[in-house]
Every structure is written in C-alpha cells, then in structure tokens.
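Note sheet for the following structure.
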Amino acid sequence: MRAIRVAPLALLGATALALLAPPAAHAAPDGAINTFNPTITPSVISPGGRVTLGGGGCTGETTITSGIFDTTVIPSGSTTATATVDTDARRGAVYAVTFSCGSTGTTRNVNLTITAGPAVTPVPTTAPTTAPTVSSTALAPSGVRGGLGGGSGTMDTVEVAGGAALVLTAATGALYFVRRRGAGRRH
C-alpha cells in the first residue's frame, strides 16, 4: 500500500529533475563532445559600433559572417576578434551572426540587436585639477527599462517548465497532506 502512495511522488520528482537538468553537450560528427559556444559583446550596439566576437570552445579557426559587417576570422589559437557594424544597419533590427568552427564543422547563430534610439556619442570631459573624479556614468543608448522587474526579457522554455513543475509539486504535496489528514480523522 505504501508503494502506491510513493510511486506518484517518485514519478513527479523524476519528471521535475528531467525538466530542470542542464541540456547535454552537443556531439560533433566524429562523436567528440562539442563545447563550441560563440559570443558577441555587447549584444546590443548602435550602427558603426565595434563588437567583440568570441569563438569559445573552438580549437581551430572560426569564421564569422553577417549581413551587417565584413566576414571576420578568429585564427586558431586566438579566442576573440573585433568587427565594426555597418553604419547603415537598420535601427531596432535583430541580425543573425553565424559562427563556423573549422575544427568541428559546427555552425551556431547568435543574435545581434541594433539600438532603436539615436546613437549616443560620449562627451569628452576633463577632470578638474583640484579634485579627482569620484564617479563617471554612461548613458544607456536606448534608455533604462525600469519598473519591469526583469519582465522585459524573452520567455525561456526551461524556466517556464521548471516553474510549472514547482507549482505542480506544491499542489500535489498540499493535496497529499490534506487527504492524509482527512483520512486520520475518519478513524
């Protein structure tokens, strides 16, 4: 009888674990584990800006192509390269940047967003001769997303599934204990 009560909880726990487990590493065609994880810094830029392209996990030459800058190559033994975004890039658009790792043959796409607002040009300032500069602030090119509490990002399927699993676990646990308490009062 106890096995019948424990089985649904064990199944629920296994399901939650499967949903919340990190994704497996991708295997290359030769069966080796592929940890190719390209990056673009910053991921939001204004037209004419410079981005740093990272080919993390690729041991060979990485070729980067996109419609908004010239083809760039990260040579073998190096981890980053820089590229200048075209000045005629469409504001508010999201462009796909394709990274191709030569050593594994793996191709990955990373999005690069062009700012929607006008370009912000930093104003050169001189430090006063009597007191050092205490702090400096940089203006965000598209303004601050205040008051959303992190709600301005995209939906992540893993986070939604994890939240649903937690709610389901709490509801199942509450139902279990309520029924168990009610069964104890009947006797």
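Report, ordered by the first and then the second residue, all pairs with beta carbons closer than 6 Å, sequence separation of six or more or different chains, a first member in the range 61-77 that is assigned to a strand (DSSP E or B), and a second member that is surrounded by fewer than 13 Cβ atoms within 10 Å (Cβ to Cβ).
T65/T71
Would you check which residues across the range 82-109 are in a strand (DSSP E or B) and open to solvent by 20 Å² or more (accessible area, probe 1.4 Å) and list them? Break it down into steps so the answer makes sense when it comes.
From the range 82-109, those in a strand (DSSP E or B) are 82-84, 94-101, 107-109; that's our starting set.
Answer for the range 82-109, where residues must be in a strand (DSSP E or B) and open to solvent by 20 Å² or more (accessible area, probe 1.4 Å): T82, T84, V94, Y95, A96, T98, S100, T107, R108, N109.
So G13 clears everything in (1) open to solvent by less than 60 Å² (accessible area, probe 1.4 Å); (2) at pLDDT 70 or above; (3) closer than 23 Å to L112 by Cβ except one condition, right? Which one?
(3)
The values are calculated or read from the model by the stated rules, or taken from the named source; none is laboratory data. Here the structure is a predicted model, which is why all the values come from computation and not from measurement. Virtual Cβ from ideal backbone geometry, glycine too; neighbours counted across all protein chains shown. Keep in mind that these areas ignore ligands, DNA and RNA; they rest on the heavy atoms of the full protein, side chains included. Shrake-Rupley method; radii C 1.70, N 1.55, O 1.52, S 1.80 Å.
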